[in-house]
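Since the structure comes first, as structure tokens, the remarks are kept for the end.
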Amino acid sequence: MTIPRLQQLLAVSALWALLHPAYAQTETPATPATTDAALPAPATVKPTRPLPAERNWRFGIGLGYGMRTNPLVLSDDIPIIVDLDIAWFGKRWFFDNFDLGFQLTDNPLFTANAVARVNSDRVFFGKTNIRYVNFTIAAGGDRVPIAGAPPPPGRPDNGPSLADDPQPLEVPDRDYAIEMGLEMLFGGEWGQASLRGFHDVSQTHEGFEISADYSYRWTLGRFSMSPTLGLAYKSDDLSNYYWGVNPQEAGLTLQPYEAKGGVDWEVGLRTSYYLTKSVRLAISADYERLHDSVASSPIVAEDHVIGYFAGAAWQF
Amino acid sequence: MRTWLTLLAVTWFAARTAAGAEPPPVRLVVKPLLCVVDKPADSCNVLFDIRWKSVLPGEYCLNDETVAAPLRCWPRALSGELQHPREVSEDFIFWLAPPAGTERAAEVKVEVLRVGSDDRRRERRSRHVWDVL
């Protein structure tokens with residue numbers, strides 16, 4: 001999905017313009033005072049009531065414009081228009097945006113959870129296309145692709161046939177994997193960190209992932225900024241299932257490829273400006289680098305994933 | 001018929017007079033209206049800029065929901081202002097009312113937003129970049 005940068009800026013500007021007047025009205029400058037009697041002097045007041053308990057449910061929605069690039073060949077980027085945040089936290093059990101967890105321990109040093117989740121690599125495979133490639137016999141007998149061949153009659157993108165035997169070039173299908181594992185969450189004045197280890201329990205890729213990330217949030221008045229660093233080791237099995245090409249999938253258009261495990265890394269930045277208790281403007285950006293063996297796969301066109309979003313978020 | 005019309009006119013005039021005797025509209029403006037609290041802090045120290053303006057002169061007192069006595073009273077004024085330091089840890093209301101009255105002429109709610117949590121599970125980082133909330 002390609003939208004010119006100007007349109008993206010206009011969309012964000014319009015959203016800001018829509019929201020800003022509502023904010024401004026709540027803080028309209030007042031007229032100067034004409035009378036101010038010297039009656040009781042103002043005093044600093046410290047309420048003594050206990051803090052309100054946090055609700056079990058968290059429900060939010062973000063509306064705006066963003067994109068996540070798709071590193072696969074013949075794929076579309078993933079537009080981000082709406083983002084839902086649904087979570088529930090019980091005493092031990094919790095549901096956090098399709099992660100289902102059980103708190104094993106919680107102490108001043110860390111919190112440990114057992115978590116079941118859906119692997120996130122699969123999301124890229126839902127936005128792929130097919131291209132048809134014609135081949136010619138080169139000197140020496142090799143078949144060499146002719147770029148830009150149209151699809152054969154009766155196939156998608158129907159058009160006139162310029163060659164006899166166009167071959168489909170298609171990213172292979174991949175399934176979602178259910179993974180289970182442990183996570184340790186740390187937090188303090190120094191920031192938040194997590195360690196996670198997950199293994200496939202759905203016999204989909206039969207691999208594992210170990211990851212660590214760190215983030216620190218600065219809050220100044222209504223503005224909040226949170227940079228993040230993360231590393232993730234993805235095993236041979238996991239990497240090869242999603243990013244490799246097995247012999248059954250290989251053909252004239254796609255060579256077999258075995259992806260090895262490796263370490264992905266990412267950096268991100270999230271910023272928020274709180275308009276009210278429940279509404280904020282949010283801008284986030286993220287860069288994820290795929291490890292070399294994945295980046296070299298014939299079904300991978302880019303060695304990185306870039307994500308960004310700008311919009312308004314409501315927390316109910 | 002003439003008597004009825006006269007009575008109707010008198011009633012309408014009396015009703016209008018009674019309506020005119022109601023407290024005049026008062027506008028109360030407070031800045032800031034939002035306190036964002038992040039760990040390790042559990043409250044904000046805020047210097048509130050409080051201003052009010054009335055269409056007609058009146059005697060008003062500024063009240064804080066968490067304090068029994070008025071913060072300040074203004075004798076028969078069209079407007080007033082106050083710089084009020086306060087530590088804020090939960091939502092509360094400022095309101096203006098006549099000294100002896102219970103009816104509020106104007107009120108403004110100050111809100112507290114906590115962006116951190118003692119429950120580390122609520123600080124779990126989302127794994128997808130489009131989770132911006």
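Tabulated data for the structure shown
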{"item": "Filter pass, residue B:51 being within 16 Å of the chain's Cα centre (by Cα), within 7 Å of chain A (Cβ to nearest Cβ) and at pLDDT 95 or above", "result": "yes"}
{"item": "Any pair with Cβ under 7 angstrom, 6 or more apart, that starts in the range A:79-97 at a residue that is touching a residue at least 40 places away in the same chain (Cβ under 8 Å) and more than 9 Å from every other protein chain (Cβ to nearest Cβ) and ends at one that is exposed (fewer than 14 other Cβ atoms within 10 Å of the Cβ) and aliphatic (A, V, I, L, M)", "result": "A:79/A:1"}
{"item": "Breaking point among (1) in contact with a Gly (Cβ under 6 Å, 6 or more places away or on another chain); (2) among the small types (Gly, Ala, Ser); (3) surrounded by fewer than 17 Cβ atoms within 10 Å (Cβ to Cβ), for residue A:235", "result": "(3)"}
{"item": "Condition broken by residue B:74, with the remaining ones in (1) of a type outside the set (Val, Ile, Thr); (2) more than 7 Å from chain A (Cβ to nearest Cβ); (3) surrounded by 20 or more Cβ atoms within 10 Å (Cβ to Cβ) satisfied", "result": "(2)"}
{"item": "Per-region count, the range A:270-295, residues over 15 Å from residue A:83 (Cα atoms) and among the basic types (Lys, Arg)", "result": "2"}
{"item": "Qualifying residues in the range A:210-245 (those that are in contact (Cβ under 8 Å) with a residue 40 or more places away in the chain and over 29 Å from residue B:36 (Cα atoms)) - the one farthest from the chain's Cα centre (by Cα)", "result": "A:245"}
{"item": "Residue ranges of strands (runs of 3 or more DSSP E) in the range B:49-133 with at least 2 members touching a strand residue (DSSP E or B) at 6+ places or on another chain (Cβ under 6 Å) and among the aromatic types (Phe, Trp, Tyr)", "result": "B:92-97"}
{"item": "Residue in the range B:34-49 that is of a type in the set (Phe, Trp, Tyr) and over 30 Å from residue A:217 (Cα atoms) present", "result": "no"}
{"item": "The listed residue being of a type outside the set (Val, Ile, Thr) and without any contact (Cβ under 8 Å) to a residue 40 or more places away in the chain, out of B:103, B:111, B:107, B:123", "result": "B:123"}
{"item": "Residue in the range A:242-255 that is within 11 Å of another protein chain (Cβ to nearest Cβ), outside any loop (DSSP other than H, G, I, E, B) and buried (at least 18 other Cβ atoms within 10 Å of the Cβ) present", "result": "no"}
{"item": "Residue A:204, sole failed condition from (1) crowded, with 16+ Cβ neighbours inside 10 Å; (2) at pLDDT 95 or above; (3) not in a loop (DSSP other than H, G, I, E, B)", "result": "(3)"}
{"item": "Considering residues of the range A:260-292 that are touching a His at 6+ places or on another chain (Cβ under 9 Å) and part of a loop (DSSP other than H, G, I, E, B) only, the residue farthest from the other protein chains (Cβ to nearest Cβ)", "result": "A:260"}
{"item": "Residue among A:286, A:292, A:264, A:237 that is under 18 Å from residue A:172 (Cβ atoms) and out of contact with any Pro (no Cβ under 8 Å at 6 or more places or on another chain)", "result": "A:237"}
{"item": "Candidates A:197, A:187, filtered to the one that is at pLDDT below 95 and either closer than 29 Å to residue A:241 by Cα or in a strand (DSSP E or B) (or both)", "result": "A:187"}
{"item": "Candidate set from the range B:54-68 (those that are more than 7 Å from chain A (Cβ to nearest Cβ) and within 23 Å of residue B:112 (Cα to Cα)); member that is surrounded by the fewest Cβ atoms within 10 Å (Cβ to Cβ)", "result": "B:68"}
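The values are calculated or read from the model by the stated rules, or taken from the named source; none is laboratory data. What you see is a predicted model; the values in this text were computed from it and never measured. Every residue, glycine as well, gets a Cβ built from its backbone with ideal geometry; the counts of neighbours run over all protein chains shown.
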